[in-house]
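The values are calculated or read from the model by the stated rules, or taken from the named source; none is laboratory data. A quick note: this is a predicted structure, and the numbers were derived from the prediction, not measured. A quick note on method: Cβ atoms are made from the backbone with ideal geometry, for glycine too, and the neighbour counts reach across all protein chains shown. The protein model used for the area step is the full one, side chains on, heavy atoms only, and it has no ligands, DNA or RNA in it. Shrake-Rupley method; radii C 1.70, N 1.55, O 1.52, S 1.80 Å.
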Amino acid sequence: MKEPAVNDLDRGSDAQWRRELRQFGAGQHSRAWRILGAKQICSGGVQGTRFATWAPNARAVRLVGDFNAWQGDGHALQHDEGSGIWSLFVPELGPGRLYKFEIEQAGGAKVVKTDPFGRYFESRPGTAAISVAESDYAWQDAAWLASRSDWQSAPLSIYEVHLGSWQRHPDGQFCSYSELADQLIPHVLELGFTHIELLPITEHPLDQSWGYQTTGYFAPTSRHGTPDEFRAFVDRCHQVGIGVLLDWVPGHFPRDTHALARYDGTALYEHEGAQRGEHPEWGTLVFNFGRNEVRSFLISSALYWLEEFHLDGLRVDAVASMLYLDYARKPGEWIPNRHGGRENLEAIDFLRELNTVTHRECPGSVTIAEESTAWPQVSRPVYLGGLGFSMKWNMGWMHDTLGYLSADPVYRQFDHQALTFGIMYAYTENFVLPFSHDEVVHGKRSLFGRMPGDDWQKFANLRLLLTYQFSYPGKKLLFMGAEFANPWEWNDAVALPHFLGDEAPRRGISKLLADLNRLYRLELALHAHDFTPEGFSWIDCHDASQSVISFERLSAQELVLIVLNFTPVVREDYRIGVRDPGAYCEILNSDAACYGGGNIGNLGKVDAEAKPWMGREHSICLRLPPLGALWLKRVAESEH
């Protein structure tokens, strides 16, 4: 039996409703999920669900769902011509109902679309949205939210996770958000990371897209549970001091006919034509950032995740593809901007607005750009002409480092600048140093698999790689699986091979990561000036013949000496200059036996000599482990 539908909204809320419609149409509505999609409201004293969707060029829109046998004749939506929004109030229809919109296009053709503002969806291969009540989840993370403001000078190390393949049930089924929290949170705590970053859990139809081809910009994927179950996952992370970041994808969306593509029969969310509206690299569609309603849609999506799920930040995917009109395009395949250039002026304005709004409305949250070019001031404030991101991935450092460490050590002396050049630009942005999922797929091999030599050298090189990352100025990001030296490329279709963690050499990698994170948090010199040059000083950057570099990490109160030997040769009596006399303690040696190394070092401590060296009045003489790194810290006189 069909339930009656009405179009007249409660008169008391009608003025507010129309104000919000105008805001949406002006590109000024940052919380549009409150007016669009399926919302439980009271109209005329009757509880029910209001359905609303933006389809300005449709001839008619009808609501179809499990409550009307998917026949919309009795549930036609009313059109507001000024905004292009269609709406319908269905009395006494509660949450938990499957629904879609049947859209009659201008030419008469009918298509059935899922809700762009849907907040929960049925499990794939189904694509219907599910109406939900407003959440009454009782958050317990107030202390965490109040403490997260100082991200610039705080330690920030990120464990990047694909929830669908971090762990699975023996039959291959996905784990729930609760099950993942039970297992993932203790794992991250043991490794010592400050944050986890989730590959997109925004709803998506294709597992193999890893979430980067999103159809539900307001919905956590139902693969792992309900929206409130995801809230509980985030809450549990926060209660034990782990931040949660989300990969968010405003640069493109898939062509799936049930979703955003040609939503009302026209290029609505996307540009018309392949030169602006299609993405040649991924076969997807490009948002029309110059359209007011699209900006309201995307800004609202960003705020929804930050506010409704208490996320600590968004890592914005593929920013370079948004900034350049000719990205991945040949001459003649793109249209210049109004000045004849290749910059996407509308995307630039959108990104600045995104960062301005999220930072203003969600204090302490961060935005991180995956931007692979030399675009200036990505992580500088909008008022200074920047894009306004909090941080930017340092793709140049990542490529240089992996290229250098992948080479046989005998050849490294000829590519020494791969270690030294990065400091020239290290403070032009607020950089994150990423060894991400992109570096362990598509034939690139795992981090362990990329290391040259026999197993001994591979393990030593991997320990050196990770220690170098934690030594270098910038925040840290590491994709799951590196902690136990996964020898295989990441396979999104199966769980990580956690059993490898039982093997002794691989346990050593996990132990090293835990100690790196512990010291990174503990030592101010290693994190307080990740973004400012006073936190770094070379000791010697010129020893290419021995493939050794040495530098200092500094804070106002502390100093840590870093010495890295990139060859499988023990360097005896290796002298470096130091600022002060006294004893210098090894606070970390990547070749320690507990990490699987050969325990070659300096018996824990060396004394400085009054012998000038490298422009410093004192010096210490070290035994450098092969393919190893040392961190040393001066011992206070009272401890000596």
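In nanometres, what is the gap between the two model label sites at ILE587 and LEU384, each 7 Å from Cα along Cα-to-Cβ?
So the label points at ILE587 and LEU384 sit 2.8 nm apart.
Taking the Cβ-Cβ separation of ASP607 and TRP488 as r and a Förster radius of 35 Å, what is the calculated FRET efficiency to the nearest 0.05?
After rounding to 0.05, the efficiency reads 0.15.
I need the peptides 392-400, 102-110 ranked by packing, meaning the mean over residues of other C-beta atoms within 10 angstrom, with the highest value on top.
Going from most to least packed, we get 392-400, 102-110.
Tell me what the chain gives for mean residue ellipticity at 222 nm when only DSSP H runs of n ≥ 4 count, each as -39,500 (n - 2.57), the sum divided by the residue total, rounded to 500 deg cm²/dmol.
Roughly -7000 deg cm²/dmol at 222 nm, from the helical runs in the chain.
Using θ = phi - 60° and the Karplus relation 6.51 cos²θ - 1.76 cosθ + 1.60, list the HN-Hα couplings for the stretch 140-150 in order, rounded to whole Hz, with x at every Gly or Pro.
10, 10, 4, 5, 5, 4, 6, 9, 9, 6, 8
Determine which residues of the stretch 350-371 fall in the zone a paramagnetic label at ALA146 would reach in this model, i.e. backbone nitrogen under 17 Å from the point 7 Å along Cα→Cβ.
Zone members listed by number: 363-365.
Using the heavy atoms of the protein chains and a 1.4 angstrom probe, tell me the accessible area per residue for the chain in square angstrom.
I get 37 Å² per residue for the chain.
Kindly flag which residue pairs out of LYS392/LYS444; LYS330/LYS476; LYS475/LYS611; LYS100/LYS392 have an alpha-carbon separation exceeding 29 Å in this structure.
Check vs 29 Å cut-off fails for LYS330/LYS476; LYS475/LYS611; LYS100/LYS392.
Sticking with the crude label model, points 7 Å out along Cα→Cβ, report the distance from GLN239 to ASP73 in nm, one decimal please.
Placing both labels 7 Å along Cα→Cβ, they lie 5.2 nm apart.
Once the piece of chain linking ALA26 and GLN417 is laid out straight, how much longer is it, given 0.36 nm per residue of separation minus the C-alpha distance between them?
Extending this stretch completely gives an extra 135.7 nm.
Report, to two decimal places, the Cα Rg of the stretch 92-205 normalised by 2.2 N^0.38 Å (N = number of residues).
Here the Cα radius of gyration is 1.47 times the empirical estimate.
So if each residue of separation counts as 0.36 nm, and I subtract the Cα-Cα distance between ASP14 and ASP326, what length gain in nm does that give?
Net length gain for the segment: 107.8 nm.
Given a Förster distance of 51 Å, report the FRET efficiency between PHE499 and GLN275 from their Cβ-Cβ distance, rounded to the nearest 0.05.
0.55
So I have (1) 34; (2) 37; (3) 31, and one of them is percent of Cα pairs over 42 Å apart calculated from this model. Which one is it?
(3)
Sort the following peptides by mean Cβ neighbour count (other Cβ atoms within 10 Å, averaged over residues), highest first: 219-228, 477-486.
Result, highest mean Cβ count within 10 Å first: 477-486, 219-228.
How many angstrom lie between the Cα centre of the stretch 484-505 and the Cα centre of the stretch 356-387?
35 Å
From Cα pairs below 8 angstrom and at least 6 apart in sequence, can you work out the relative contact order of the chain, rounded to a whole percent?
10 percent
What nm value, rounded to one decimal, do you get for the distance between ALA636 and TRP456 when each label is placed 7 Å out toward the C-beta?
4.1 nm
If packing is taken as the mean number of other Cβ atoms within 10 Å per residue, what is the order of 27-34, 269-276, 327-334, highest first? Walk me through the intermediate numbers first.
Values: 27-34: 19.9, 269-276: 17.1, 327-334: 13.0.
Going from most to least packed, we get 27-34, 269-276, 327-334.
Would you kindly state how much longer the chain becomes between ARG579 and THR373 on full extension, computed as 0.36 nm times their sequence separation minus their alpha carbon distance, in nm to one decimal?
70.4 nm
Once neighbouring chains are kept in place and the probe is 1.4 Å, which whole percent of the accessible area of the chain is contributed by carbon and sulfur?
On the way: 12150 of 23970 Å².
About 51 percent, which is the carbon plus sulfur part of the accessible surface.
ALA514 to GLU134: FRET efficiency via 1/(1 + (r/R0)^6), r the Cβ-Cβ distance, R0 45 Å, to the nearest 0.05?
Details: r = 41 Å, r/R0 = 0.91.
The formula returns an efficiency of 0.65 here.
Once amide H atoms are built 1.01 Å from N in the peptide plane, which residues 5 or more positions from SER43, or in another chain, come under 5 Å H to H?
Here the answer is GLY48, since their amide H atoms fall under 5 Å of that of SER43.
Would you mind computing Rg(Cα) / (2.2 N^0.38 Å) for the stretch 153-311, counting N as its residues?
1.13
Going by amide H atoms built from the backbone, whose H comes under 5 Å of the H on PHE121, apart from near neighbours?
Residues meeting the amide H criterion: ILE130, SER222.
Which of the lysines could a cross-linker bridge to LYS605, judged by Cα under 19 Å and excluding same-chain residues fewer than eight apart?
Partners found: LYS633.
Quick one: 3J(HN,Hα) in Hz for the stretch 614-624, Karplus 6.51/-1.76/1.60 with θ = phi - 60°, rounded, Gly and Pro as x.
Once rounded to whole Hz, the list reads 6, x, 10, 6, 10, 8, 10, 10, 10, 9, 8.
About its Cα centre, what dipole magnitude does the chain give when the only charges are +1 on Lys and Arg Cβ and -1 on Asp and Glu Cβ, stated in debye to the nearest 20?
680 debye
Report, for the chain, the % of DSSP beta bridges that are antiparallel, rounded to 5.
70 percent
In the neighborhood of ALA407, defined by Cβ-to-Cβ distances under 13 Å, what is the net charge if each Lys or Arg adds +1 and each Asp or Glu adds -1?
Surrounding charge for ALA407 is -1.
Taking amide H positions as placed in the peptide plane 1.01 Å from N, state which residues far from GLY290 in sequence (5 or more) or on other chains have amide H under 5 Å from it.
HN-HN under 5 Å from GLY290: empty list.
Using the Karplus curve 6.51 cos²θ - 1.76 cosθ + 1.60 with θ = phi - 60°, what ³J(HN,Hα) values do you get for each residue of the stretch 600-605, in whole Hz, with x for Gly and Pro?
8, x, 10, 6, x, 6
Starting from the exponent 0.38 and prefactor 2.2 Å, build the expected Rg for the stretch 251-361 from its residue count and divide its actual Cα Rg by it.
Normalised by 2.2 N^0.38 Å, the Cα Rg of the stretch 251-361 equals 1.09.
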